[in-house]
Every structure is written in C-alpha cells, then in structure tokens.
Amino acid sequence: MQVETTLQDQVIKAITLLKKNYDSCSKEFIGDTFKIRESINFICNYEQLQGKYYRLKEVIVKLLDEVEKNNDQEKYAYYYCIFQEAERLLVKKGKNLVRIFNNDYNINASLEKHYYSKRITTAIFWVVEDKWLIFKPIWLLNNKEDKRTHKIDCPYSHYEWWDKYKKDYPGSDFATFPRGRIMFDLAKKEHVIFYDQCIRKAHIRDILDLFQIKKYRVEYDEHYSCDKCVQNKELF
C-alpha cells in the first residue's frame with residue numbers, strides 16, 4: 001500500500017510539473033525536467049514488475065499534450081529528454097513507447113511526430129542463447145546533424161561494453177555470442193545494420209520494431225562473427 005501511495009505521488013508530481021507555466025527555458029524549468037525524469041524512473045521501474053504501465057502512460061499522454069502546445073525549440077530538447085528517459089528504461093525490458101500503447105493510433109501517431117521522427121538511433125547488441133537481446137541504445141536529436149555526410153555510430157565497442165555483462169557469463173567474451181551494430185547514414189537518411197549470420201531474422205525484426213526503425217539497409221562485415229562462425233570457417 002505504501003508503494004502504491006508513493007507511486008501515485010510520483011505521477012501527481014510529474015503531471016503537476018508538466019502543467020506549470022514557464023516563461024523561458026530557465027534553470028527552474030531545466031531542474032523540473034530532471035525531477036520529471038526521476039519520477040518516470042520510479043514509475044517505470046515499479047510498473048515493469050506489473051507489466052501494465054498504466055501510470056507511465058498517464059504521464060506520457062500529458063507530456064505529449066504539453067509538447068503539442070509548445071513551440072520553443074530549446075524547451076523541446078528538454079521534453080525530448082523526458083521521452084528518452086522513458087524509452088531507455090523500457091528498452092531494457094524489450095518494450096518501447098509504441099508497444100505499451102498497443103494499437104492506440106492517436107497516441108502512437110503523436111509519438112511518431114514528436115519523438116521517433118526526430119531522433120537518430122545507434123546501438124550495439126548481442127543475441128544471447130537465443131532468448132534475449134542486450135542493447136546499448138544511443139539517441140541523438142536529429143537537427144543540424146542532417147547536413148553532415150558521414151555515418152553516425154554508437155560510441156561504444158562490443159569489446160569495451162562486454163565488461164558490464166561478463167560476470168553473468170563466466171568464460172565468455174565479447175565475441176562468444178552473435179552480435180551486431182546499428183549505425184545511421186546521414187547522406188541517405190537511413191539506418192545501416194551489421195549482424196552476425198548466426199542471428200535469426202526474427203531477432204532483427206524485433207530490434208527494428210523496438211527502436212522503431214523504418215528505413216534501413218543491411219551490410220555485412222566479417223568483423224561481426226561470433227566464435228561459432230569463426231570455428232566453422234576454420235573447418236572449411
């Protein structure tokens with residue numbers, strides 16, 4: 001009961017802060033957006049145990065209402081960070097904002113307009129034991145970057161990021177399991193996906209859906225070869 005009360009308090013706090021009027025992108029506004037992100041963190045972590053996301057939806061709907069009314073680009077960048085916080089937490093559990101709203105066309109159309117269409121996604125990932133995916137997603141605002149002509153890449157390598165997971169998989173390293181990378185081609189305005197041939201297409205479709213990637217191409221590089229692939233090549 002105490003947790004439920006605290007949960008409702010966090011929802012009320014987030015919505016109250018979203019409703020406040022701010023004359024400019026002041027320190028107060030910036031500070032309040034961080035408070036909203038803290039509330040979303042609490043709400044999302046609690047609701048992940050229930051798998052319902054009712055309260056998180058309530059806050060996201062209010063956030064979309066406020067974004068729709070706001071024309072200040074600087075403020076928009078901070079609102080965007082609130083979406084980003086919710087998405088970051090959801091992705092860890094194989095969810096995203098579109099998935100939790102299911103077939104609510106109006107909400108998902110608004111999310112596409114105010115969030116998904118305005119960000120670039122890059123990531124590194126593994127498929128572990130054919131059961132689940134490990135991601136390190138990075139979201140960047142899609143603004144002046146459009147004029148550049150090279151690819152945007154995830155700043156982390158599989159080698160360095162595996163340190164966070166190796167304790168859970170003793171005797172393994174970054175190349176033990178099939179892995180892949182998502183980049184963004186600024187010239188063609190599309191994602192580029194590299195992945196190990198051991199990864200099933202169903203997993204790739206899940207990644208595309210999870211990150212709401214619409215336009216992409218697949219490229220191949222021998223670098224993305226797990227230990228099993230390397231052993232098979234050596235046999236032949």
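The values are calculated or read from the model by the stated rules, or taken from the named source; none is laboratory data. As the structure is a computational prediction, the values presented were derived from the model and not from experiment. Cβ atoms come from the backbone with ideal geometry, glycine included; neighbour counts cover every protein chain shown. SASA here: full protein model, heavy atoms, side chains in, ligands and nucleic acids out. Shrake-Rupley method; radii C 1.70, N 1.55, O 1.52, S 1.80 Å.
Note on the range 96-134: residues that are without any contact (Cβ under 8 Å) to a residue 24 or more places away in the chain, assigned to a loop (DSSP other than H, G, I, E, B) and of a type in the set (D, E, K, R) total 2.
In the range 72-88, the residue that is modelled with the highest pLDDT out of those that are open to solvent by 20 Å² or more (accessible area, probe 1.4 Å) and hydrophobic (A, V, I, L, M, F, W, C) is C81. D146 satisfies every condition listed in (1) out of contact with any Lys or Arg (no Cβ under 7 Å at 6 or more places or on another chain); (2) in a loop (DSSP other than H, G, I, E, B); (3) modelled with pLDDT under 90 except (2).
Yes/no per residue for (1) surrounded by 19 or more Cβ atoms within 10 Å (Cβ to Cβ); (2) more than 30 Å from V127 (Cα to Cα):
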| residue | (1), (2) |
| --- | --- |
| T16 | no, yes |
| Y22 | no, yes |
| I30 | no, yes |
| Q50 | no, no |
| L56 | yes, no |
| L90 | yes, no |
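Does N102 satisfy the condition of being farther than 27 Å from C25 by Cα and either open to solvent by 10 Å² or more (accessible area, probe 1.4 Å) or of a type in the set (S, T, N, Q) (or both)?
Numbers: farther than 27 Å from C25 by Cα: yes; either open to solvent by 10 Å² or more (accessible area, probe 1.4 Å) or of a type in the set (S, T, N, Q) (or both): yes.
Yes.
Annotation note: of L64, L89, L97, the sole residue that is more than 30 Å from K228 (Cα to Cα) and touching a Leu at 6+ places or on another chain (Cβ under 6 Å) is L97.
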